[in-house]
Amino acid sequence: MTETRTVQVNRVYIKASAQQVWDAITRPEWTARYGYGGFAEYDLRPGGTHRTKPTPEFVEAGFTTDLITGEVLEANPPRKLVITWKLLMDPSLEAEPATTLTFDVEQTQAAGVRLTITHDLTGAPNHAALVSGAREDIDAKPGESAGGGWAWMLSDLKSLLETGHGIAS
């Protein structure tokens, strides 16, 4: 029996340079400022690791270990990043396999950057529900089981890069 592939694709246009978007995805001083926060660390070599460490708000909520972990499969700064991705914050996700996440950063002539996130969630239905926004609760506190998914993350990233402030700040 062959498992059905589950892939979600999300796209946003951001008035920024490809390097600014790349930095916002890969540098902890940026990643803690949008979405659900967390200090992302990347070893940007194939086979390198990445992880997202908790912000003080997550630590206060009881999350003291890595929030996300995975492996770097491909890195072509500032254009493409492919990683395995596993969210560690929710017990319902622990049994699921790591998923594959691709960031495509394309500089356009007229629209700034087109950022496309392709998330292969095959075999990970709970991850798929969370990142799709099916468990959306924009008023949830850090560590609560809710999520606006990639739409929330991309909206907040876009706002931060274009205005200097995230949508929730």
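Within region 123-135, if we keep just the residues that are farther than 29 Å from ALA18 by Cα and in a loop (DSSP other than H, G, I, E, B), the residue that is modelled with the lowest pLDDT turns out to be ALA134.
Which residue, of THR100, THR118, THR84, is outside any loop (DSSP other than H, G, I, E, B), farther than 15 Å from ASN10 by Cα and modelled with pLDDT of 95 or more?
THR84
Only one of the numbered conditions (1) assigned to a loop (DSSP other than H, G, I, E, B); (2) at pLDDT 90 or above; (3) basic (Lys, Arg) is not met by LYS158, and that is (1). Buried (at least 18 other Cβ atoms within 10 Å of the Cβ) and farther than 24 Å from THR163 by Cα: is that true of TYR36 in this structure? Taking the combined requirement at face value, the residue does not satisfy it. Considering region 103-115, and only residues there that are of a type in the set (A, V, I, L, M, F, W, C) and assigned to a strand (DSSP E or B), the residue that is surrounded by the fewest Cβ atoms within 10 Å (Cβ to Cβ) turns out to be PHE103. Scanning region 53-101 for residues that are of a type in the set (S, T, N, Q), closer than 23 Å to ASP23 by Cβ and buried (at least 18 other Cβ atoms within 10 Å of the Cβ) yields THR55, THR100.
Scanning region 1-32 for residues that are buried (at least 17 other Cβ atoms within 10 Å of the Cβ), in a loop (DSSP other than H, G, I, E, B) and in contact (Cβ under 8 Å) with a residue 60 or more places away in the chain turns up just one, ALA16. Filter region 32-85 for residues that are among the β-branched types (Val, Ile, Thr) and more than 22 Å from LEU121 (Cα to Cα) and give the result. Hits for region 32-85 are THR55, VAL59, THR64, THR65. Whether a residue is in a loop (DSSP other than H, G, I, E, B) and aromatic (Phe, Trp, Tyr) was assessed, and PHE63 passes this test. Mind checking whether some residue in region 21-38 is farther than 19 Å from VAL131 by Cα, more than 13 Å from the chain's Cα centre (by Cα) and among the aliphatic types (A, V, I, L, M)? For region 21-38, residues farther than 19 Å from VAL131 by Cα, more than 13 Å from the chain's Cα centre (by Cα) and among the aliphatic types (A, V, I, L, M): absent.
The values are calculated or read from the model by the stated rules, or taken from the named source; none is laboratory data. Just so it is clear, the structure is predicted and the values come from calculations on it, not from any experiment. Positions of Cβ are backbone-derived with ideal geometry, glycine not excepted, and every protein chain shown enters the neighbour counts.
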